[in-house]
Every structure is written in C-alpha cells, then in structure tokens.
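S.K.: This is the structure I want to talk about, given as structure tokens.
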Amino acid sequence: MHQNILVEFLNEFGVQLLSVQIEPDCIKVSASSMKQSASCPQCRTNSSKVHSYYDRTLADLSCGVRKVVLYLDVRRFFCINPECKRTTFSEPLPDLAIRYARRTNQLHQALQDIAFDSGGEGGSRLAQNLHYGEISPDTLLRIIRHTSQANDLTPRYLGVDDWAMKKGRKYGTILVDLERHAVVDLLPDRTSDVLETWLKAHPGVELITRDRSGSYSEGATRGAPNAIQIADRFHLLANLTETLKHILERNPGVLKMTQPSTASSALENAEKESIAEPVAVVQTISANLAHRQELYRQTQELHRQGISYRDMAKSLGMATNTAMKYANLPEPPAKQIRSSRKTLGFEQYIGKRWDEGTRGPNELFRELVNLGYKGSYKTIARYVSELRGPACNHQHSHEAPKAPPTKLPVSKVAFLLGKPAEKLDEEEKRIIQHVCRSSNQINTAYALAQSFQKMVRERMADEFENWLQQAETSIVPSMKSFSAGLKRDYQAVKMALSQPWSNGQVEGQVNRLKLIKRQMQGRAKLDLLRQRVVHKSMVRVPTTNGST
C-alpha cells in the first residue's frame, strides 16, 4: 500500500519508481523519468534521440527518523537542431528539482522556511533534528541570500523610523507599509538623503508617519512633496515628558518632600504604650564626625571675628568652599543614618527595642515583619550596623527622629505631571499637589501638560492653535521652547491630532527586527537582515484597516 502511494506521488513529477531500499537510518528510492523526449533549453527544439544516461542523487524530506534519498536515472539527449550551439542536453525535471540542485524542491522549500525562521545556527540544529541531513549554517544563509523578494509594490501609507545597527554608533531606517502591516525595506542610514532617494525611486506614497526627526521631515518633503506627513503621537507625548524633566531639573527644591508614616496599627499601639517613657534612639559620634564638628566650631568663631573665607581656609587647612559652607551652616554637622523608604515609620520602634537591649538584626527583622514591614533583611541589618557604629561610646538623644525628607525621582514626577489626572492614585495626587504648590512655573507647566495630553489622546485638532498661544505666553521658558518646536512642525502635528494613523506598528516591526538581529548571533549583515525581515511580510494578505 505504501509503495502504491509512493508510485502515485512520483508519477505526479513525471518519474516512475524502480525500487525501494529501507535501511535503519535511510530510505533509498530508485526511479527514472517517464518522458520519451525533452526540449533543448536553448533552442526549445524537442528531441527523442538519446545520447547517454547518468545518475542524479537528490535528498528529499525525511520519513520519520529516516532520511530519504532519491536516485534518478537521467537521460541526456542530442539536440537535433543543426543551428543550435548545444550538442547535447540533459532532460529537465523542473517539478522535482531545479538544474544542478542536490535537493528536491520540497526539501529546498522546507530548508528555506527553516532558514528564514531560525537563522543559520539554530536552523542547522533544527534541520538535523528533523533528519534532513548535515545542513551547515552557511548553507542556510546562502539560501536566504539567493531567495528573491517580491518587493516591487509601492505603499500608499508609509511608516518611517530608525533602528540601531550598533547602538550609539550606527543607525538604519525601516520602512513599513501601514496598510499591509509589512516591512517594505531597510535602508543603510537615517539621513534625509537616503530617505529622499528611496521615495523618488518609489513614487506614489500618499502618507508618511514619522517621529519628530528633522532629517526624516526634510527627506520626506524632498522625496515625496505631495505626501501628507503625520507626526507620531507617542513621540509628541515623549517630547512633553522630556520638557517636564527639564523644568524639574531647573527647580530641584520641589522634589524634596517628607513621606508620611507607613507603620501599621500594631506599631501605633506600641508607641501609645511607651508614650510616658521617652523613646531613645542611638546616635554614634565617630572620630571623623567629631573632627568636622570641631572644624565647624572654629569656622564659626573666625567668621564672627570677620575673617575672610580664604584666610579661614588657610588657617584651618581646608578648601575655601568648605569654609564657606561651615560658616553658613545653621547647626553643626550631624551623623547621617541611611534610611530606606521601606523603613520610614519604623525607626521609633527600632530605637525603643534598641534601648531595651534587643540589638540583633535577625530578631528585629522578625518583629518588624509581624508589624507589616515589607523591606528586606539586608536593609535592617545595614540600619542596625549604622546604629551600632565603629565606637563603643554611645550618646543618647531622647528625641524621636523625624522621617528624613525624600528626594523624588525626576523621571517619576515628570511622568506623573503628564499622566491624566483621573488615573492618579492618592499617593500620586499628593506628589502632584506638593510640586505644584512649591513652584508657580511647575503649576503652570502642569496645567499646560494636562491640556496637551488630553488634546493628543482625544485628537482635538481644533484646540491646537489655542494651546500654542497659551504656551507661548506662559511663564515657563521650557514650555515656550516646546511650543516653538511644535510650530516648526505645525502641519505634521496638526495631522497627528486629526488622522488615525501613527507609528505604532512601525515600533512593533522594529522590535521584531531586533529579535531577528539577536537571533542571528553576529551574522546580521544588512543584506541578510533585510532578507529575513522583509520575507513573509510581502506575502501577507493586504488589509484595508492599517490605522492604529
């Protein structure tokens, strides 16, 4: 039965079965052509005059764990056309294998799919596991390079973005057909000239989405002057966040705020029980701190005598800036105990247990966990180590320590300033209220940022002109610069607020490109990378809904 199936299968390719030999790791199939004549590949003259025979060996798809080898008896014919330059020619079998090939067409197609999906090294291992024979990585890369791409279509809606060949050093450009969700091409650079050249060679682009890059704007204007340009909305919001970061960096004082106590109710009960007895927190004075406090005392004394900062520095053997700092400090330098945000609210309990004699970090950590502490053991061990200090003489202060002010991260505050107000939680609202109360500039920038992000998210193009006027007349210099940049790219930004297209799917294709590039293990030259990225994108079914 199996032999009959094999006979029918070979007959479809014009080949008849002669014999089958099954070995432990291989199936050898002998066959010959069924055709009585063949056409000369040069003059197309049909001939049935046989010159000779020769054996042709073809590897085929495996059968289970056995590889399949096809041995063909191939005839060579005389060309009967006296005007033809060819004397003889071998009979072609295009449905089974191309000229000079050592593999059948179906095995070649399978290896091609493996090469494009898995690359050279991974594809070689996969081919061996499928029992296709010893296929080297270089063979698979040659298959990729020799595969032609049907890449002649010019997209109507084009997405443009850059990608890193070598991050920080060399960049290229990826072009995506937004209608078909397919990569069109990879360009070797991200300059305006490269994009202009490609667009002129592919006329017919009607719409181009891009980031805020000036080179892409210039290249698209010169290469496709009639195309509509759309700035990407994600990059507009990213530019807003960068502007807010710049504003916060110029106002660092607003980032300092005191965190509220986070201790649990059990800790509050422990504090109430010990309210009659003051809580003692250990402060260790090291030799270095004592030396700095003495310098502070001497600096203050010289400062009261009217001595200049330079003379103070010379007499005390310190830098002039240090003398200036000590002269203007309101109080002597104190020991700074590092505190994690997760220990805030638990310092009083640690100080109370310390004075009671419990000074082991293991025991303190277990007690704090029962009280709701969420930090690590390492944090408590470091805190206790600093309480213990290098010296044995401890000076006790009976004042309960206050939570030290926390400096908020610039990136986090900038993100919150641009986040929709209705999506903020209570802690985030408290941060926003603090920074807005601390600076009139930040309060104004926050109002402008909220209106801008709402305008972008809800695509309120009619509000754009009004927003630009508000930003230009504001008291925030960075917002003025931001609005000036938007005005230079006015048409692209205005289209972004009214059109559904964006660079969202282009970013996804860049992510896919990075995955393929890393998968190729250093063999990702531009020609190979272009073949793999563009492959299969060109055979996807076109879609009419390409917007994001």
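S.K.: Could you grab me the full set of residues in the range 74-87 that are surrounded by 15 or more Cβ atoms within 10 Å (Cβ to Cβ) and of a type in the set (Val, Ile, Thr)?
M.R.: VAL74
S.K.: Let me ask you something else. Can you pull out every residue in the range 44-85 that is within 14 Å of ILE22 (Cα to Cα) and in contact with an Asp or Glu (Cβ under 8 Å, 6 or more places away or on another chain)? Outline the logic, then answer.
M.R.: Filtering the range 44-85 for residues within 14 Å of ILE22 (Cα to Cα) gives 62-71.
Scanning the range 44-85 gives VAL65, ARG66, LYS67, VAL68, VAL69, LEU70, TYR71.
S.K.: Residues that are surrounded by fewer than 20 Cβ atoms within 10 Å (Cβ to Cβ), within 20 Å of the chain's Cα centre (by Cα) and outside any loop (DSSP other than H, G, I, E, B): does the range 210-224 have at least one?
M.R.: no
Quick grid of which residues meet (1) in a loop (DSSP other than H, G, I, E, B); (2) crowded, with 17+ Cβ neighbours inside 10 Å:
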{"residue": "ALA97", "(1), (2)": "yes, yes"}
{"residue": "GLN112", "(1), (2)": "no, yes"}
{"residue": "ALA115", "(1), (2)": "no, yes"}
{"residue": "GLN149", "(1), (2)": "yes, no"}
{"residue": "ASP161", "(1), (2)": "no, yes"}
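S.K.: Checking the condition closer than 30 Å to GLN519 by Cα and not polar (S, T, N, Q), which residue from ARG103, ARG86 passes? Give the derivation first.
M.R.: Values: ARG86 fails: closer than 30 Å to GLN519 by Cα.
Residue meeting the stated conditions: ARG103.
S.K.: Considering only the range 33-49, how many residues are in a strand (DSSP E or B) and either exposed (fewer than 15 other Cβ atoms within 10 Å of the Cβ) or at pLDDT 90 or above (or both)? Outline the logic, then answer.
M.R.: Start the filter on the range 33-49 by keeping residues that are in a strand (DSSP E or B), which leaves 33, 38-39, 46-47.
Now restrict to residues that are either exposed (fewer than 15 other Cβ atoms within 10 Å of the Cβ) or at pLDDT 90 or above (or both): 46.
Of the residues in the range 33-49, 1 are in a strand (DSSP E or B) and either exposed (fewer than 15 other Cβ atoms within 10 Å of the Cβ) or at pLDDT 90 or above (or both).
S.K.: Which residue pairs have Cβ atoms closer than 9 Å, lie 6 or more positions apart in sequence or on different chains, and pair a first residue in the range 16-32 that is closer than 15 Å to THR57 by Cα with a second residue that is among the basic types (Lys, Arg)?
M.R.: SER19/LYS28; VAL20/LYS28; GLN21/LYS28; CYS26/ARG66; CYS26/LYS67; ILE27/ARG66; ILE27/LYS67; SER32/ARG75
S.K.: Right, something else. Provide a single number: the residues in the range 1-32 that are in a helix (DSSP H, G or I), of a type outside the set (S, T, N, Q) and loosely packed, with under 14 Cβ neighbours inside 10 Å.
M.R.: Residues of the range 1-32 in a helix (DSSP H, G or I): 2-11.
Next, only the ones that are of a type outside the set (S, T, N, Q) stay: 2, 5-10.
Cutting the leftovers down to loosely packed, with under 14 Cβ neighbours inside 10 Å gives us 2, 5, 8-9.
Of the residues in the range 1-32, 4 are in a helix (DSSP H, G or I), of a type outside the set (S, T, N, Q) and loosely packed, with under 14 Cβ neighbours inside 10 Å.
Yes/no per residue for (1) polar (S, T, N, Q); (2) surrounded by 14 or more Cβ atoms within 10 Å (Cβ to Cβ); (3) out of contact with any helix residue (DSSP H, G or I) (no Cβ under 9 Å at 6 or more places or on another chain):
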position	(1), (2), (3)
LEU107	no, yes, yes
SER118	yes, yes, no
GLU121	no, yes, no
TYR157	no, yes, yes
MET165	no, yes, no
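S.K.: Condition first: in the same structural domain as GLU507 (by TED's automatic domain parsing) and surrounded by 21 or more Cβ atoms within 10 Å (Cβ to Cβ). Can you find one or more residues in the range 128-141 that meet it? If you could, list the steps in order and put the result at the bottom.
M.R.: Quick first cut of the range 128-141, residues in the same structural domain as GLU507 (by TED's automatic domain parsing) only: none.
Within the range 128-141, none of the residues are in the same structural domain as GLU507 (by TED's automatic domain parsing) and surrounded by 21 or more Cβ atoms within 10 Å (Cβ to Cβ).
S.K.: Of the numbered conditions (1) free of Cβ contacts under 8 Å to residues at least 12 places away in the same chain; (2) outside any helix (DSSP H, G or I), ARG125 satisfies every one except a single condition; which is it?
M.R.: (2)
S.K.: State yes or no: is LEU513 closer than 30 Å to ASP138 by Cα, touching a residue at least 40 places away in the same chain (Cβ under 8 Å), part of a helix (DSSP H, G or I) and within 15 Å of the chain's Cα centre (by Cα)? Explain how you work it out, then say what you get.
M.R.: Details: closer than 30 Å to ASP138 by Cα: yes; touching a residue at least 40 places away in the same chain (Cβ under 8 Å): yes; part of a helix (DSSP H, G or I): yes; within 15 Å of the chain's Cα centre (by Cα): yes.
Yes.
S.K.: Now for a different question. Please determine, by comparing only the residues of the range 342-353 that are at pLDDT 80 or above and touching a strand residue (DSSP E or B) at 6+ places or on another chain (Cβ under 9 Å), which one is surrounded by the fewest Cβ atoms within 10 Å (Cβ to Cβ).
M.R.: Going residue by residue through the range 342-353, those that are at pLDDT 80 or above are 349-350, 352-353.
Then drop every residue that is not touching a strand residue (DSSP E or B) at 6+ places or on another chain (Cβ under 9 Å), which leaves 350, 352.
Working: ILE350: 23, LYS352: 20.
Among residues in the range 342-353 that are at pLDDT 80 or above and touching a strand residue (DSSP E or B) at 6+ places or on another chain (Cβ under 9 Å), the one surrounded by the fewest Cβ atoms within 10 Å (Cβ to Cβ) is LYS352.
S.K.: So in the range 189-208, with the set limited to residues that are touching a Ser or Thr at 6+ places or on another chain (Cβ under 8 Å) and of a type outside the set (A, V, I, L, M), which one is surrounded by the most Cβ atoms within 10 Å (Cβ to Cβ)?
M.R.: ARG190
S.K.: Looking for whichever is in contact with a strand residue (DSSP E or B) (Cβ under 7 Å, 6 or more places away or on another chain) and either at pLDDT 90 or above or of a type outside the set (Gly, Ala, Ser) (or both) here; the options are THR104, THR154, THR139. Which one fits? Write out each step before concluding.
M.R.: On the way: THR154 fails: in contact with a strand residue (DSSP E or B) (Cβ under 7 Å, 6 or more places away or on another chain); THR139 fails: in contact with a strand residue (DSSP E or B) (Cβ under 7 Å, 6 or more places away or on another chain).
Going through THR104, THR154, THR139 in turn, just one is in contact with a strand residue (DSSP E or B) (Cβ under 7 Å, 6 or more places away or on another chain) and either at pLDDT 90 or above or of a type outside the set (Gly, Ala, Ser) (or both): THR104.
The values are calculated or read from the model by the stated rules, or taken from the named source; none is laboratory data. None of these values were measured; they are calculated from a predicted model. Every residue, glycine as well, gets a Cβ built from its backbone with ideal geometry; the counts of neighbours run over all protein chains shown.
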